[in-house]
Every structure is written in C-alpha cells, then in structure tokens.
Amino acid sequence: MSNVRAIARAAPWILPWILGVAVFLIAPLGLSAYTSVMDHSLLDKPVYVGLSNYRQLLSDPLAGRAAWNTVVYTCLSVTLGTALSLSVAALLGQGMRLSGLTRAVVFVPTLVPVVAAGLAWSWMLNTQNGPVNLLLGFLGVPAAARPDWLGSVGWAMGSVVMVSLWTVGSFVVIYSAAMRGVPASLYEAAMIDGAGPVRRFVSVTLPMISPAIAFNTVMSVIWSLQAFAVPLVMTRGGPEDSTLTFGMHVYNSAFVFGRMGYASALAWVQFAVTLAFVLVGLRLSRGLVHSREGV
C-alpha cells in the first residue's frame, strides 16, 4: 500500500515527462516505422509496399556513395578531433600563462550555431575573395595554386572535416577536467623511473583519462554519422556528390524528391548502423578503459 501511495504522490511530477516522451519520442518513432513500409509522397494516400523501400536501398547508388562519404568523414573527424583535443588539453595542463582564457577561447566556437558557423566558413574558404586564399596570396602563393576549397572534389571533404575540428572545445574541456584528476603521485613515480614527458603522457595520462576518451569517442562517432548541417550549408553535397552524407540523402529523399517512405527507411537504417557502432564501441572499451579503483 505504501508503494502505491508513493507512486500516486510522484505521478503528478513524472506525468509531464511521460507525456513528453510519448509525444515527442515514441509517437514519432512509431510513425516513422509505419511510413518506412509505405510508398508515401505526401501528396497521395500512403500505399503499403512492405520491405520494398529497404530492398531499394541496396540498389541505390546515391545511398552507397553517401554511406561511403559518411564513413570517410567519421573516420577523419573522430581521429583528427581526438588527436587535436587531447593535444590542446595536454598543452593547457602544462600551466601555461592565460590557460583559463585560452580554454574559454577554445570553447567559444561550440556556442556558435552550426548553420552560422557553416556560412562563416563558406565565406572564409571562398576561392576568389575568401580570407584564407587572400592570406595565401599575401604569402606568395600564386592564384592558380590556391585550393578551390569547396568546389574541388579533392578538397571539399577535407574542408568539411576541417570545419568539424573547429568545435572540439567541449572535448578539450572534458579532457582538461579528466587530466586534472590524475593523481600527482603517478607522475612522480614515473619521473623517478626516468620517464620523459611523452612517456608520462602515454603511460600515465592516457590510461587514467581513458573513460573520458571513450565517452568523447562514442559521442563523436554518433555526431559524425549524423553529419548534416555543415555539409548542407557549405557544399550541398557537392561537388559531384563528394560530400553527400547519409543524413543529407535522407533529407533529399524526403523534402527534395518527396519520397517520405524511402526516407524513413533510410533513417531507420542510419539509426541501426549508429546503434551497432555504439554497442561495438562500448563492448571494445571494456578492455581498454582503466578503472581508478585502488589508486
């Protein structure tokens, strides 16, 4: 009886949360799953087609290209972003002057809306009058040798990845906090053993902050697999679909070509692949993440 009374007292407080989950999560998921087995163009009445949308995905060349671009973007963004954020956090942890101000400056780009950042970088990387190429010209690089950052197949993906590295500030903050929590006695013991700065970083710092690395890596993979706004604003998937991501293909299928059923099927495949990557990553991290018990 006491449990029933406790639930009754708590019901008014948790009811808004339950309604929010039902309306904004469960209902959209159910509608998306329903739409994925329909031929739905928004203008005509939906027609049940079973798994036809999922089978069509296997023969869609744009889906394959978008999937490959997303994998490339994810590998580059996660790898370079992790290396950059760890390096910056390690430098900030050396007690350099104005480290607090530097940490704030590094974090500020994460507060800029993604669309605004994409537009700003599109202007900065403009081939004709963008500040980046103007700076290269000032340094003596001839006009013919300056990169076409967003209009060249060879440079476009790299440019999009570079913009993703601009927002590693949140990861730097997490790594900085984790590094400050490493016991000084471990560094002292390593120094007594003759370990240099690099050896101490590899043998002491990285194992001790491995939980933070695992968390940031998983979150970075999730965000990278869903990359959409930056490539849409900067390149619209071009040139020649070289920066077309899977998220953009979902968007184009739904709102450009009006194929809501096929777009829903693509979205569910994207969700399944992302979930699989996360589960595999969490499984692998069990043997790589060090516990601080006994420290």
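Yes/no matrix, rows are residues, columns are (1) closer than 22 Å to Val114 by Cα; (2) in contact with an Asp or Glu (Cβ under 8 Å, 6 or more places away or on another chain); (3) aliphatic (A, V, I, L, M):
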{"position": "Ala195", "(1), (2), (3)": "no, no, yes"}
{"position": "Thr217", "(1), (2), (3)": "yes, no, no"}
{"position": "Ala227", "(1), (2), (3)": "yes, no, yes"}
{"position": "Leu232", "(1), (2), (3)": "yes, no, yes"}
{"position": "Ser242", "(1), (2), (3)": "yes, no, no"}
{"position": "Thr245", "(1), (2), (3)": "yes, no, no"}
{"position": "Leu275", "(1), (2), (3)": "no, no, yes"}
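Scanning the range 233-264 for residues that are of a type in the set (A, V, I, L, M, F, W, C) and either over 14 Å from Leu62 (Cβ atoms) or surrounded by fewer than 20 Cβ atoms within 10 Å (Cβ to Cβ) (or both) yields Val233, Met234, Phe255, Val256, Phe257, Met260. You will find that of Ala104, Ala89, Ala66, the residue that is over 15 Å from the mean Cα position of the chain (by Cα), under 26 Å from Ser242 (Cβ atoms) and either outside any loop (DSSP other than H, G, I, E, B) or not β-branched (Val, Ile, Thr) (or both) is Ala66 and no other.
Quick one: is Ser32 under 26 Å from the mean Cα position of the chain (by Cα) and surrounded by 13 or more Cβ atoms within 10 Å (Cβ to Cβ)? Yes, satisfied.
Quick grid of which residues meet (1) on the phi > 0 side of the Ramachandran plot; (2) of a type in the set (D, E, K, R); (3) surrounded by 15 or more Cβ atoms within 10 Å (Cβ to Cβ); (4) not in a helix (DSSP H, G or I):
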position	(1), (2), (3), (4)
Asp148	no, yes, yes, yes
Gly154	no, no, no, no
Ser164	no, no, yes, no
Thr167	no, no, yes, yes
Ala189	no, no, no, no
Arg200	no, yes, yes, no
Ser203	no, no, no, no
Ala212	no, no, yes, no
Asn216	no, no, yes, no
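Here's the yes/no breakdown for (1) on the phi > 0 side of the Ramachandran plot; (2) of a type in the set (A, V, I, L, M); (3) free of Cβ contacts under 8 Å to residues at least 12 places away in the same chain:
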{"residue": "Ala227", "(1), (2), (3)": "no, yes, no"}
{"residue": "Val230", "(1), (2), (3)": "no, yes, no"}
{"residue": "Met234", "(1), (2), (3)": "no, yes, no"}
{"residue": "Pro239", "(1), (2), (3)": "no, no, no"}
{"residue": "Phe255", "(1), (2), (3)": "no, no, yes"}
{"residue": "Leu266", "(1), (2), (3)": "no, yes, no"}
{"residue": "Leu275", "(1), (2), (3)": "no, yes, yes"}
{"residue": "Arg283", "(1), (2), (3)": "no, no, yes"}
{"residue": "Val289", "(1), (2), (3)": "no, yes, no"}
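Exactly one residue out of Ser85, Ser77, Ser52, Ser41 is touching a Phe, Trp or Tyr at 6+ places or on another chain (Cβ under 6 Å) and in contact (Cβ under 8 Å) with a residue 12 or more places away in the chain, and it is Ser85. Leu86 satisfies every condition listed in (1) farther than 19 Å from Ala254 by Cβ; (2) of a type outside the set (S, T, N, Q); (3) exposed (fewer than 15 other Cβ atoms within 10 Å of the Cβ) except (3). Just to be sure, is Pro131 surrounded by fewer than 18 Cβ atoms within 10 Å (Cβ to Cβ), under 30 Å from Ser242 (Cβ atoms), of a type outside the set (A, V, I, L, M) and in contact (Cβ under 8 Å) with a residue 60 or more places away in the chain? Against the criterion (surrounded by fewer than 18 Cβ atoms within 10 Å (Cβ to Cβ), under 30 Å from Ser242 (Cβ atoms), of a type outside the set (A, V, I, L, M) and in contact (Cβ under 8 Å) with a residue 60 or more places away in the chain), Pro131 does not qualify.
Note on the range 72-82: among residues that are surrounded by fewer than 16 Cβ atoms within 10 Å (Cβ to Cβ) and of a type in the set (A, V, I, L, M, F, W, C), the one that is nearest to Thr243 (Cα to Cα) is Val72.
No value in this document is a laboratory result; all are computed from the given coordinates. Source: prediction; values computed, not measured. Ideal geometry is used to build each Cβ from the backbone, glycine not excepted, and the neighbour counts take in all protein chains shown.
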